[in-house]
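Since the structure comes first, as structure tokens, the remarks are kept for the end.
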Amino acid sequence: MVTEIFANLLEILIFGTSLGLILSLISLGYSLLYGVGKVINLSHGMFYFLTGYLIFVFTNQFYLGLPLYVGVILSLIIITGIGALTYITLIKPFLEREIMILISTFALGYLIFNFVLLLENLLQKNIIPGLVYLPQFIPGEIAIPGSEALFTFYNLFVMLMAFALITLVYLFIRYSRYGKAIRAVSQDQDAAKLMGINLNGVLLFTTILSVFLAGVAAFLYVPLEPMHMGSGWDILLLSMSVVILGGMGSILGTVLGAFVLSFSVKFCAYFINPLVGFPLDSIFHLIIIILMLMIRPRGILGKKEKV
């Protein structure tokens, strides 16, 4: 019994860390975009979903069969281009009307979802209907003591890559000249414009960065967690949960929220699900959102909004 509990705790630590880093990567751009322009992008999860699907179509032998690196580069170029167009056509015209941004970005997410459905119906090649998967291109695995689970070398690669990207984004925002411009816009848009900072340029860059990070997260994580047709909406809800928990617009809060959520979900899956006989971990993040909004609406490290 003790050995089993220890093995479960070790799995929670390992796979919770992996999930926490990926959730940080996915949610970082979402949080940055809100922090800079008070923009809530309801199509964010669909950018993750579309990137994973494009890489699948480009690289799978039953579709185009391109080399993996070609498929990844093409997918990221396409997705960042769509991100730029999203800002120009759906966000920029409605910066003073937040409800219109919510409606238009939700419509875009629904459009992407239906585009993939239509494409799948036309191609009719998906060998596992409704499931998108990518290979783990780094072989090798390590047995977890006292457990049947395996920790793969690819999982280690994902953790290192996600950590490196999160660190680079933090250092860029904290110390680079353009990062300081982003922080200035997030603190006071009017003062930033008076200082000569191009507000639209900063918001465009932040939108592209947000989409790019979601795309990279898809490339890294889909080999570990295959996507289904509802994955885009699941990712959106997880991103919202993370930033609400950690604090909208806070980089450190987003990372902290991602790890609190990932370890909570894994703990729920290993210890609470068997007790209640129900997969509570699938909705656990929604419970956390509700509790956080009731107790501390601005999140763990979020700043109090000015009235």
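Values quoted throughout were computed directly from the atomic coordinates according to the rules given, and no laboratory measurement underlies them. Computed from a prediction, not measured in an experiment: that's the story for all the values here. Positions of Cβ are generated from backbone atoms using ideal geometry, with glycine treated the same way; all protein chains shown enter the neighbour counts.
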Expressed in angstrom and rounded, the centroid-to-centroid distance over alpha carbons for the stretch 185-226 and the stretch 252-285 is 28
For H228, enumerate residues with amide H under 5 Å from its amide H, sequence gap 5+ or separate chain, H modeled in the peptide plane. V132
Within the stretch 14-58, which residues have the backbone N less than 19 Å from the label spot 7 Å out from L123 along Cα→beta-carbon, could you tell me? 46-58
DSSP-assigned coil residues among chymotrypsin sites (Phe, Trp or Tyr not before Pro) in the stretch 131-205, each with at most 11 further Cβ atoms within 10 Å: F137
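Using the Kirkwood formula over every pair of different C-alpha atoms, what hydrodynamic radius in Å results for the stretch 20-102?
After inverting the pairwise mean of 1/r, the radius is 14.1 Å.
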TM-like helix rule applied to the chain (DSSP H, alpha carbon span at least 18 Å on the long axis, mean Kyte-Doolittle at least -0.5) gives 2-37, 44-59, 68-86, 98-123, 153-175, 199-221, 231-246, 251-267
Relative contact order in percent for the stretch 26-74 (Cα pairs under 8 Å, 6+ apart) equals 20
When semi-axes √(5λ) of the Cα gyration tensor in Å is calculated directly from the model, which label among [x] 29, 22, 19; [y] 31, 25, 18; [z] 25, 25, 22 fits? [y]
Once amide H atoms are placed 1.01 Å from N in the peptide plane, what residues at a sequence separation of 5 or more from L301, or on another chain, have their amide H within under 5 Å of its amide H? G247
Using the charge dipole of the chain (Lys, Arg: +1 at Cβ; Asp, Glu: -1 at Cβ; taken about the Cα centre), state which of N41, G230, F115 has its Cα farthest towards the positive end. N41
Using a Gaussian network model on the chain with a 10 Å cutoff between Cα atoms, which of I283, I251, I55 fluctuates the most? I283
Which of L168, L23, L119 fluctuates most in a GNM of the chain (C-alpha springs under 10 Å)? That residue is L119
Using a ≥ b ≥ c from the Cα gyration tensor of the stretch 2-159 (square roots of the eigenvalues), is it rounded, prolate or oblate, where a/c under 1.5 gives rounded and otherwise the larger of a/b and b/c decides, a/b for prolate? oblate
Count of lysine pairs in the chain with Cα separation under 30 Å (8 or more residues apart, or interchain): 19
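What size of dipole, in debye to the nearest 20, comes out for the stretch 49-183 about its Cα centre when the only charges are +1 on Lys and Arg C-beta atoms and -1 on Asp and Glu C-beta atoms?
My answer is approximately 620 debye.
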Net length gained if the chain between M229 and R174 were fully extended (0.36 nm per residue, minus Cα distance): 16.1 nm
About the Cα centre, charge dipole magnitude for the chain (Lys/Arg +1, Asp/Glu -1 at Cβ), debye: 1140
So, for the Cα atoms of the stretch 1-56, Rg and Dmax in Å stand at 16.7, 51
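Rounded to the nearest 0.05, what FRET efficiency is calculated for F157 and S282 with R0 set to 30 Å and r the Cβ-Cβ distance?
Values: r = 27 Å, r/R0 = 0.89.
Rounded to the nearest 0.05, the efficiency is 0.65.
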Counting other Cβ atoms within 10 Å, which GluC sites (Glu not before Pro) in the stretch 89-194 have at most 12 and lie in a DSSP loop? E96, E148
